[in-house]
Amino acid sequence: MNHLAALDGVEGWLSQAQASRLHDAAASLTPPARIVEIGSFRGRSTIALARAAPEGVDVVAIDPHAGSDRGPQEIETDAATGQADHERFLANLERAGVRERVRHVRAFSQDALRDVEGEIDLLYVDGAHRYRPARDDIMRWGARVRPGGTMLIHDSFSSIGVTAAILRHLVWSRDFVYVGRTASLAEYRRAEAGPRSALRQLAQLPWFARNVLVKVAIVLRLRSGEWPY
């Protein structure tokens, strides 16, 4: 079973190309190292990371499975739905053969800060997409990424809240260099950044505007198709 086949049947908003980017980032690590994922849902990204991570690399998945922030227009908490997600998450990890490789912290990301010690080599952010939680994940967890480490953010230049957090805290940051993106999966490296990094991010705004218009059209039932991610 290759790393993409292992994702078959696992629900989520991570495309195959984005899964490959996560896989490559995790596979490049050298133990001892630590991967932290914020927002696991039913395990699609978790499996991509855990199957690629070399032995000796810690994989920590943080998700409260509270039934909230599950996807487009699914914001409110629902305990029964969250528990179903949690059970499916564990079952999917088991089926993919990575359940023992992953330490799951069932908590909201800001409450989980105390549960993960030390620096992070690879941070994947796909938590709540509203501005404040996205900002907090980028700022507080991003501060834990070691120099030279990687931060990947899903729904960049697609979600309004995530993009607003990026514009406010990463575009002009001196600490993170924009590497590029696979659709809405943006990659940053913790290193000294300059104007070129800022300009490359600002160049993504037309694509962001297009995604917002597509979402509005879908909500208003003016067009059909997949939610852009």
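Among the residues of the range 214-229, which ones are surrounded by 13 or more Cβ atoms within 10 Å (Cβ to Cβ) and within 23 Å of the chain's Cα centre (by Cα)?
214, 215, 227, 228, 229
Do we find a residue being surrounded by 16 or more Cβ atoms within 10 Å (Cβ to Cβ) and assigned to a loop (DSSP other than H, G, I, E, B) anywhere in the range 93-105?
Within the range 93-105, one or more residues are surrounded by 16 or more Cβ atoms within 10 Å (Cβ to Cβ) and assigned to a loop (DSSP other than H, G, I, E, B).
Can you confirm whether the range 164-172 contains a residue that is closer than 23 Å to residue 17 by Cβ, in a helix (DSSP H, G or I) and in contact (Cβ under 8 Å) with a residue 12 or more places away in the chain?
Yes, some residue in the range 164-172 is closer than 23 Å to residue 17 by Cβ, in a helix (DSSP H, G or I) and in contact (Cβ under 8 Å) with a residue 12 or more places away in the chain.
Here are some conditions: (1) touching a residue at least 24 places away in the same chain (Cβ under 8 Å); (2) surrounded by fewer than 22 Cβ atoms within 10 Å (Cβ to Cβ); (3) assigned to a loop (DSSP other than H, G, I, E, B); (4) more than 14 Å from the chain's Cα centre (by Cα). Residue 24 meets all but one. Which one does it not meet?
(3)
Consider residue 177 carefully, then state whether it is closer than 24 Å to residue 49 by Cα, among the β-branched types (Val, Ile, Thr) and free of Cβ contacts under 8 Å to residues at least 40 places away in the same chain.
yes
Would you point out the residue of the range 121-136, among those that are of a type outside the set (Phe, Trp, Tyr) and assigned to a helix (DSSP H, G or I), that is surrounded by the most Cβ atoms within 10 Å (Cβ to Cβ)? Let's see the steps before the verdict.
First, the residues of the range 121-136 that are of a type outside the set (Phe, Trp, Tyr): 121-123, 125-130, 132-136.
From what is left, the residues that are assigned to a helix (DSSP H, G or I) are 132-136.
Working: 132: 11, 133: 21, 134: 28, 135: 17, 136: 18.
Applying the filter and picking the extreme gives 134.
Okay, residues lined up against (1) farther than 18 Å from residue 14 by Cβ; (2) without any contact (Cβ under 8 Å) to a residue 40 or more places away in the chain; (3) out of contact with any strand residue (DSSP E or B) (no Cβ under 9 Å at 6 or more places or on another chain); (4) assigned to a helix (DSSP H, G or I):
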| residue | (1), (2), (3), (4) |
| --- | --- |
| 82 | yes, yes, yes, yes |
| 107 | yes, no, no, no |
| 112 | yes, no, no, yes |
| 138 | yes, yes, no, yes |
| 147 | yes, no, no, no |
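Is it fair to say residue 65 is without any contact (Cβ under 8 Å) to a residue 60 or more places away in the chain, in contact with a helix residue (DSSP H, G or I) (Cβ under 6 Å, 6 or more places away or on another chain), of a type outside the set (Lys, Arg) and not in a helix (DSSP H, G or I)?
So residue 65 fits the description; yes.
Every read-out reported here was derived from the displayed coordinates using simple, explicitly stated rules and does not represent laboratory data. Bear in mind the structure is a predicted one, so any value in this text is a computation, not a measurement. When we count neighbours, we look across all protein chains shown, and the Cβ atoms used for this are built from the backbone with ideal geometry, even at glycine.
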